[in-house]
Each structure stands twice: as C-alpha cells, then as structure tokens.
Amino acid sequence: MNSIRTRDSAVIWHPYTQMKHWPEAIGIVRGEGVYLVDEAGNRYIDAISSWWVNLHGHAHPYIAAQLSQQLYQLEHCIFAGFTHEPAVRLAERLLPLLPGAMVRIFYSDNGSTAVEVAIKMAWQYHQQTGSGKTKLVALEGAYHGDTFGAMSVSGRSLFTDRFAPLLFDAAFIPFPGEDNEAACLAAFDALLEAGDVAAIILEPLIQGSAGMRMYPPAVLEQLMQRARQQGCLVIADEVMTGFGRTGTLFACDQVQAAGPDIVCLSKGLTGGTLPLGVTACSQDIFDAFLGDEAHRTLYHGHSFTANPIACMAGNASLDLLLDPVCQENIQQIGQAHARARLRWQDHKRIKSVRQHGTILAIELDTGSGTGYLNEQRDFIYRFFLERGILMRPLGNIIYILPPYCITLPELDLIYRQIDALLETI
Ligand SMILES: *Cc1c(COP(=O)(O)O)cnc(C)c1O
C-alpha cells in the first residue's frame, strides 16, 4: 500500500491550498496530547491547536470514553420536534458561563454557520420589532468565516475578492489598534448617528485571521456601550477567543459593562474533537421571534444540528476545562508567554510582539511588508516543521496558540526555535 501522503495527492483537494505548489500533505496517523504523529513516525508539537480548535490535547482518553458511550446510546437524531440529553445539558451548562445575559442556545455545526445564524437573528429581530434598522457594521480586517453571509461581514481580502459582487453590503470601521482607537470609535459614532445600524459583529480583543491583531478591553467596552445606547445589537464572535484562549473563559469577560446580545461559538466548543456551532442570544431577541405568524419563525437549520456526539464532546471538554488543573495551566501558559514577550520586546527582527492570555503573536520585520502572502511564510512554515513544531504563520506573523496540556518545557522548546529562526532571517 502506498503512503497516505501519496494516495492523498491523487484524490484530495485541501483547504486554502494552491495544489500546484503543495501537492503533498503530511499523513497523520495518531494524536497524542500536544503531539501529532505522522506515518514516518515524526512527531510535531501542535503549537496552533490544529487551527485553534484543540483545548486538551489530541485523542484525549476522557473525551474518547465519553463519546464512545454516547455512540452506543444515540449517534444522531433530528433536532426539530426532538431533543436529547447531551444538547440540553450542554445548553444548561453554557448559558450561565457565557458573557451577557444569554437565555437560549441555537445549535449548528461550525463557526461560519454560527455567524450566519447570528446575522439572521439580528436582521430578523429588527424587522419584527419594527425598528427599521438594517445596517450591519464590522471591523476592518475581520474574519467571521467562509460562507457568504460570514464573508460579507468579513474584511474584504484575498479570500473574498473573487466573490465581491455576491457579497451583501456591510459598513467597516477602522480596527482599534494602537493610535487608532479614537478613529474607530468616531467612525462607529458617525454610523450610529444615522439611526439605522442593526448590529455590530466583532471578534472580541483579537482578530485571529487578520494576523492575531489585538486591542484592549476598554475599546471593546466603548463599542458595546455605544451600540447599546443606540439600539444596535452586539454580536460577539467568540469562535476563536472562547474557552480560555485570552486568559478568561470568554474574551468578553474582560469587559465590565453589559455584554453582547448574541454570542457565536465553535472551534474549542468540543475541545476540538468534533464540529459543532452555537449561537446564543438574549431574552429580548428570543422573545421577538415568538408569535402566531409563520414568518416570525427563525427558518434555519442543518441536518446535523446539535449532533449528540458533538454535544457530548462539548460536555466532556467543559468538564476538563473547568477543572482547576486546566485553569492553572491556562494561567501558566499566559505567564510563560509574558516572560517570552519581554525577551523579544526590543529585538531588531521583530516589529511587534503581542499577547492576550494563551495567545502569543510575533510580527517579524522581514523587510517586505505584512500580509498573508509574505514570501517568508513558506520558509518559516517549513523551518518549524523540520524542527518538529507545527506553526502556520499568517504571512510574516508567527503565533503560538497551544492546547492547554502543553508543558513548560515544550513551550520553552518552541520559544528556543523561534530564537533560532530570528538568527536566520
Ligand atoms: C474560524 C473562525 C470562524 C469560522 O469558523 P469555521 O468553523 O472555520 O467555519 C468564524 N469566526 C472566527 C472568529 C473564527 O476564528
């Protein structure tokens, strides 16, 4: 039998991949905690939690055991008119943990769909309350997913360019990075002034895909307060930031004022084990959909809505996440990152080093600008792979976003390889 890698190259089309230049993928046969093991026996530290999804390490025995039991009990069933314990229990447990005053959980099956549902909820809410508000606002550089609604509220980029005429209009305000906070707030104020803003959608504290761009909780709070005063709904896309990544359970927890009206979750929701999406909403929104007319219904659903195995993974992951051991690990990763950040602070090859909780990002000064297609990207990707570390730079930005089971020596190994990279560029 040929290798997985060879067979793959005959039949598979990979995501975000120019197949002409990357005809071969690495065949993974096993996951063990923070490691992925390939068919030749090479081990890779999964420093990016396999696209930001993994929380507790790969093939976690506790999650595996829970899922195995559930598989023999109920693998899937229709979720309209029917329900089941794993979905109800996960909703009961999530609601009190979420930022804002969330009262209902709407299930779907990934981050993009969680965003699609949020957009529909917000848009239809304003129709049914008669507010007449229709405009959607997002931040420049936002990433909310790859389906058309999610693309429409994402920053226009290489990813969306080809489909520009198919996207609906959204208003974009400047990203509130350093020196830009006032401009961001002023732009939002100007839009709100017109009185037609239905909702603002944002990635709280960190824009992931844009290059782990960060902004302070104070600005998030300002945006939320302004929205609230003007009857504009706040959609918090916590798909990446949720479940401890920023050091708090949710990024919005770092804001004092009233929280979001709608929260989107996916990625870490199942500990990274299975696809699942959640869109949570407030009482006010849920109530606006109650009525006798057929058109008041939220007409949205997916075949695998609230899949019991995925919901079980969500419950199992929560058990592990809320355990003091995991909470302690999250703090330790944050502290280790903070120490590493200090040592790179004034490095001549580094433009900026930034951190929120367990996420550490380093923007390299490669002399050739910033962007997803920065030519150093492929070199850096291979540099770390050859050293047994899976990193996927966003252009000239490298970042560590590890599973919480990573040990300090493993983190240190990654830091040292970053030092080695800095020597070579
Ligand atoms: C990844 C991501 C999404 C899309 O989730 P998918 O499950 O990949 O569709 C949406 N929003 C944010 C902030 C994300 O990081």
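Of the residues that sit in the range 139-155 and are near the ligand (Cβ under 8 Å from one of its atoms) and more than 24 Å from Ala186 (Cβ to Cβ), which one is surrounded by the most Cβ atoms within 10 Å (Cβ to Cβ)? Selected residue: Ala150.
For the range 273-288, check the following and say yes or no: at least one residue is farther than 23 Å from Val197 by Cα, within 12 Å of the ligand (Cβ to nearest atom), among the hydroxyl-bearing types (Ser, Thr, Tyr) and buried (at least 21 other Cβ atoms within 10 Å of the Cβ).
Within the range 273-288 (the criterion being farther than 23 Å from Val197 by Cα, within 12 Å of the ligand (Cβ to nearest atom), among the hydroxyl-bearing types (Ser, Thr, Tyr) and buried (at least 21 other Cβ atoms within 10 Å of the Cβ)), the answer is no, since none of the residues qualifies.
Of the residues making up the range 149-167, those that are among the hydrophobic types (A, V, I, L, M, F, W, C), farther than 17 Å from Leu202 by Cα and modelled with pLDDT of 95 or more are Phe163, Ala164, Leu166, Leu167.
Determine which member of the set Ala198, Ala288, Ala294 is farther than 30 Å from Leu360 by Cβ, touching a His at 6+ places or on another chain (Cβ under 7 Å) and in the same structural domain as Gly132 (by the TED database).
One residue alone meets the criteria, Ala198.
Based on what the data block shows, is Glu181 modelled with pLDDT of 95 or more and over 27 Å from Tyr125 (Cβ atoms)? So Glu181 passes the test. Looking across the range 224-238, the residues that are over 13 Å from the mean Cα position of the chain (by Cα) and either aromatic (Phe, Trp, Tyr) or within 16 Å of the ligand (Cβ to nearest atom) (or both) come down to Val234, Ile235.
A quick yes/no check of all residues on (1) of a type in the set (Ser, Thr, Tyr); (2) in a strand (DSSP E or B); (3) more than 25 Å from the chain's Cα centre (by Cα); (4) buried (at least 16 other Cβ atoms within 10 Å of the Cβ):
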| residue | (1), (2), (3), (4) |
| --- | --- |
| Asp8 | no, no, yes, yes |
| Pro15 | no, no, no, no |
| Lys20 | no, no, yes, no |
| Ile26 | no, no, no, no |
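Inspection of the range 187-199 identifies at least one residue that is at pLDDT 95 or above, buried (at least 24 other Cβ atoms within 10 Å of the Cβ) and within 16 Å of the ligand (Cβ to nearest atom).
Taking the numbered list (1) within 16 Å of the ligand (Cβ to nearest atom); (2) of a type in the set (Ser, Thr, Tyr); (3) crowded, with 20+ Cβ neighbours inside 10 Å in turn, Thr160 passes all entries but (3). For the range 204-213, the criterion of being more than 13 Å from the ligand (Cβ to nearest atom), modelled with pLDDT of 95 or more, β-branched (Val, Ile, Thr) and touching a helix residue (DSSP H, G or I) at 6+ places or on another chain (Cβ under 9 Å) is met by no residue. For the residues Thr279, Thr297, the requirement of being hydroxyl-bearing (Ser, Thr, Tyr) and in contact (Cβ under 8 Å) with a residue 24 or more places away in the chain singles out Thr279.
Residue-wise test of (1) at pLDDT 95 or above; (2) crowded, with 19+ Cβ neighbours inside 10 Å; (3) more than 16 Å from the ligand (Cβ to nearest atom).
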| position | (1), (2), (3) |
| --- | --- |
| Gly291 | yes, no, yes |
| His295 | no, no, yes |
| His302 | yes, no, no |
| Ala310 | yes, yes, no |
| Ala313 | yes, yes, no |
| Asp323 | yes, no, yes |
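Remark: pairs (first residue in the range 129-149, more than 15 Å from Ile285 (Cα to Cα); second residue within 16 Å of the ligand (Cβ to nearest atom) and among the aromatic types (Phe, Trp, Tyr); Cβ separation under 7 Å; 6+ apart in sequence or on different chains) = Ala138/Phe172; Leu139/Phe172; Leu139/Phe175; Glu140/Phe172; Glu140/Phe175; Gly141/Phe175. A single member of Ala227, Ala236 is surrounded by fewer than 24 Cβ atoms within 10 Å (Cβ to Cβ), outside any loop (DSSP other than H, G, I, E, B) and assigned by the TED database to the domain that holds Ala257, and it is Ala227. Taking the listed residues Glu363, Glu328, the one that is assigned to a strand (DSSP E or B) and of a type in the set (Asp, Glu) is Glu363, with no other qualifying. Could you figure out which of (1) away from the ligand (no atom under 15 Å from the Cβ); (2) outside the structural domain of Pro402 (by the TED database) isn't true of His56? The number of the failed condition is (2). Against the test of being in contact (Cβ under 8 Å) with a residue 24 or more places away in the chain, of a type in the set (Gly, Ala, Ser) and either surrounded by fewer than 20 Cβ atoms within 10 Å (Cβ to Cβ) or within 16 Å of the ligand (Cβ to nearest atom) (or both), the options Gly81, Gly111 yield a single qualifying residue, Gly111.
Among the numbered conditions (1) within 16 Å of the ligand (Cβ to nearest atom); (2) surrounded by 15 or more Cβ atoms within 10 Å (Cβ to Cβ), the only one that Gln127 does not meet is (1). Residues in the range 248-256 include at least one that is outside the structural domain of Pro402 (by the TED database), over 28 Å from Ser108 (Cβ atoms), modelled with pLDDT under 95 and away from the ligand (no atom under 16 Å from the Cβ).
The values are calculated or read from the model by the stated rules, or taken from the named source; none is laboratory data. Computed from a predicted model, the values in this text were never measured in an experiment. Glycine also receives a Cβ, built like all others from the backbone with ideal geometry; neighbour counts cover every protein chain displayed.
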